[in-house]
Amino acid sequence: RVRLLVPIALIFVIAPAFLANKHKPWIEAEYQGIIMENDNTVLLNPPLFALDKDAPLRYAGEICGFRIHGAGVPFEAVILDKATGEGLIRAKEPVDCEAHKEHTFTIQAYDCGEGPDGANTKKSHKATVHVRVNDVNEFAPVFVEKLYRVAVTEGKLYDRILRVEAIDGDCSPQYSQICYYEILTPNIPFLIDNDGNIENTEKLQYSGDRLYRFTVTAYDLEIQVKPTCKPSWQGWNKRIEYTPGAGSLALFPSIHLETCDEPLWNIQATVELQTNHVKSLRKLCGAASGEIDLLPVPSPTANWTARLSVHYSQDSSLIYWFNGSQAAQVPVMNGLHAHEGLSDHFTLSVWMKHAVVPSKGRREEETVICSTVQSEDGYSHYSLAVHGCRIAFLYWPLLESARPVKFLWKLEQVCDDEWHHYALNLEFPTVTLYVDGVSYDPALIHDNGLIHPPRQEPSLMIGACWTEEKNKEKIKGNENSTDTVQGDPLLIHHYFHGYLAGFTVRPGSLESREVIECLYACREGLDYSDFDSLGKGMKVHVNPSQSLLTLEGDDVETFNHAIQHVAYMNSLRFATPGVRPLRLTTAVKCFSEESCVSIPDVEGYVVVLQPDAPQILLSGTAHFAHTASDFEAPDGVPLFPNLQITCSISHQVEAKKDENWHGTVTDTRMSDEIVHNLDGCEISLVGDDLDPEREYLLLDGAALQQRGLELVNTSAYLTITGVESIAVYEEILRQVSYHINHGAALYERKFHLSCTEMNGRYSSNEFTVEMNVLHNMNRAAHPNHILSSQQFIHRGHHLPPELSGHSLASTHNNAMVPSAATIIIVVCVGFLALMVILGILRIHSLHRRGMGQEVPGAAAGGHTSTGSKDSDMFWDDSALTIIVNPMEVRSNDRNLGPPGANKDMEEDDDSTDSETPDSPDSNDVDDRHIIGKSDSSHRY
């Protein structure tokens, strides 16, 4: 048995796959801009930002630029930040107000498509831009005439002797008007007014000065307007840039309050930051799967949200608006009630912003969710509602026998008209409510035995609930009716008024406290850390979500110092880039109510810049081979036995000024702990899918479930999803093995491995592993047993057709399989050596032929000269030898012809040798004498 390994060099060109570009960018419909003549930047209102719902996907969610449409437009649009879509319009060349006072053109944003080549780029609609060119005082007044002449009669006083006129080349009335004229020549009897009229101040005499020459100058209009004092905040920037990983950043480091000397006795300011409260963080927080989205994106299979008003948050999350007169009836056929445990233990989770509606009368209860569930024991009912600043949860374990229980909480978060995260865990009789990650026990639990039981029919409604009052009237009017009838229309009441988003239910089990706190904690918000230097009388309050910070004080200077330490913080090393709107509202109280000032609001935004992308590197053994018996073992062969996963960030650091070299250096360091949490890995196949009857991948699913990970194992791929550390993923991936069934004719497989983190936002390299299956092959018996040596393989031997394109390896070196590059180098060197040997043999053959012609006395019977024998003896040492079977020698002995025939044969052999010097059958290359019983020598 011989095991053969025939390496084959395969080259694959793999094109990177990017997610599809589904959405067009969006910009405002119209912009108003101003540009000064001596400037090149256009100040736009509103600022130029383009948004794309594909964000934060790379390329598809990035804005690559803006295009300006219009003939001869002297402006260009540039992109400042692809991630945030911020742009800028600037002039290509200096603009001239005197040539064009206004410019109108259209602008369009376009994204980066589906890859670096910009394929499938989508464009936004065209927005109109109006730019007004503001004039500067660049031209001096010029007189219409350079020289004015006039003759007057002596002895008279004239009201106007002459009018001079000057013009100004500026385009605006502010700078083109002539303010006044002035006579520069002193001690002359003339006067000029602001309109250029010249008159004499005394009577002129011919006997005196007959000619007066004087100089007049004109001044254009340049009015400096001093603004009136307006109480407001001064010294703040509208745009604040934040670099991820920078910690806290002061929002108003130089701000101060201008009160125009109005005495104040109380100041209260509120800083509000709008962050991505609605964004789903379930995967990032490690929440278990199985949650059901109660308010999904409208689709043919989930159309109960189609009639609701939809808004989008900054991260493209859906927000549903309930106006107090509409609700969503969730159909039972979607399988929401088929989940085990939905009736007695589950978790409700929702982002809610309850709109407080002013009402003179008694406020009505507003239902968030109302549900009747059918279980094995019967029907149960529950509802979650808000009533003023109270939130109530009604639970009816069994409609047939048990009595309802209502749990009440009184919380200020319910009625503050702000976004809050609510999570309710039910494990009857225990009910726990989490608001913004903080747990609250019910303030009141009481029995509502007088409540009429709802209809015993599975139903689920969001934004309202149903009542049986109409059916009660039917019962009173018809004594024969004893119960409600299924299918009758329900009377809807208790409509909800506000916003809902991210509404999910997780049946059968409860979310842990850590997960709920993580779901709430957006890890960014407002921060105040300078409590040590807080002045006397100052108060600072930050809400639990850190989106609202309130300051209160009575001294302006102390208040200015305090508000300068309000900061934005983001604990995520890889924060989501984008814009966070910011607002500062101020209310003051004066000693004099009649003259009390009003402070206008300050509006700005925090721009979170694109963070340095983490580099996830997968490495390990990329090519190895095992025998078929190893793959056929119950555990198979591990795919990634020595897999290594590392994560790092490359920073560009500027060189110091005193260094001799220029440029940048790269400093690679390990990132913080959140980077070391992967959320998924995928093993895919190169080529055909797995044949389940012959091969499959093995991985222990029970071990994954214990860690809260999900496993999907198909014939095309194997995926592991869930948030875990790199160490855990390394341990799990090293356990993945490849198994083939006994007798399967499989010889080679290639697998790709890639991992992601941060909800798929960052991906690793694609690690490729090639595995070879080594089979045993029984060779056919050779007629000559001497040729069965493993050292010699006949060139005419061919592998069976089923082994074509596959490789078999010798058992002497199973662990070391040469790479494709090594094989190519060895083949090239061997081919070069072969060509050199062939050249030497050719030269030697020609040399022997010449020597044979010069040496006389060659025997006709086949005896050679001494020189020829020496030559033969010399070539006996070469590797090109033929071992002749003695049985064949005897057969040839009997068939030997006369000496003449041998001579002819020698001539033919010489001719053949000269033509094919490299043939191993050539008699001139190697003569071997076989001595038989007759002890006679024969030449072959």
query: On full extension of the chain, what length is gained from His541 through Leu832, given 0.36 nm per residue of separation minus the C-alpha to C-alpha distance?
result: 96.5 nm
query: Do any of Lys410/Lys589; Lys406/Lys539; Lys410/Lys539; Lys53/Lys101 go past 27 Å between their Cα atoms, and which?
result: Lys410/Lys589; Lys406/Lys539; Lys53/Lys101
- prompt: Most exposed first by the Cβ proxy, i.e. fewest other Cβ within 10 Å, how do Thr270, Thr215 rank?
  reply: Thr215, Thr270
- request: Give the long-range amide H neighbours of Phe139: residues separated by 5 or more places, or on another chain, with amide H under 5 Å away, using H modelled in the peptide plane at 1.01 Å from N.
  value: Asp170
task: Could you please rank Ile824, Ile35, placing first whichever residue has the fewest other Cβ atoms within 10 Å of its Cβ?
output: Ile824, Ile35
query: Quick one: of the DSSP bridges fully inside the stretch 30-134, what percent are antiparallel, nearest 5?
result: 75 percent
query: When you count, for each residue, the other Cβ atoms within 10 Å and take the mean per peptide, how do 716-723, 186-193, 692-699 rank with the highest first?
result: 716-723, 692-699, 186-193
message: Students often get this wrong: which residues of the stretch 545-572 have the backbone nitrogen under 15 Å from the point 7 angstrom along Cα-to-C-beta of Arg761?
response: 570-572
field: Over 29 Å (Cα to Cα) - which of Lys92/Lys238; Lys126/Lys230; Lys92/Lys123 fall in this group
entry: Lys126/Lys230
task: Calculate the length of the line joining the C-alpha centroid of the stretch 532-550 to that of the stretch 27-75, in whole Å.
output: 38 Å
query: What ranking, highest mean first, results for peptides 700-711, 199-210 when packing means the other Cβ atoms within 10 Å averaged over each residue?
result: 700-711, 199-210
statement: Simple SL model, points at 7 angstrom along Cα→Cβ for Val152 and Glu376; separation in nm is 12.1 nm
- prompt: Under 5 Å between amide H atoms, partner at least 5 residues away or on a different chain: which partners does Gly324 have, H built in plane at 1.01 Å?
  reply: Phe496, Gly498
Burial ranking of peptide ranges 41-50, 531-540, 742-751 (average Cβ count within 10 Å, highest at the top): 41-50, 742-751, 531-540
- prompt: Sorted from fewest to most neighbouring beta carbons within 10 Å, what does the list Val829, Val405 look like?
  reply: Val829, Val405
- prompt: So how much slack lies between Asp159 and Thr719, counting 0.36 nm per residue of separation and subtracting their Cα-Cα distance, in nm?
  reply: 191.5 nm
- prompt: What would the Debye formula give as log10 I(q)/I(0) at q = 0.26, 0.29 Å⁻¹ for the alpha-carbon point model of the stretch 81-147, no solvent?
  reply: -1.21, -1.31
task: Rounded to whole Hz and in sequence order, give me ³J(HN,Hα) for the stretch 534-543 from the Karplus expression 6.51 cos²θ - 1.76 cosθ + 1.60, θ = phi - 60°, writing x for Gly and Pro.
output: 5, x, 5, x, 8, 10, 10, 9, 10, 6
task: Work out, step by step, the length gained on full extension between Ser439 and Gln268: first 0.36 nm times the residue separation, then minus their alpha carbon distance; give nm to one decimal.
output: 58.6 nm
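Each reported figure results from applying straightforward, stated rules to the coordinates on display, with no laboratory input. Treat the numbers as computed from the prediction; the structure is a model and nothing was measured. For neighbour counting, all protein chains shown are included, and Cβ atoms are generated from backbone atoms with ideal geometry for every residue, glycine included.
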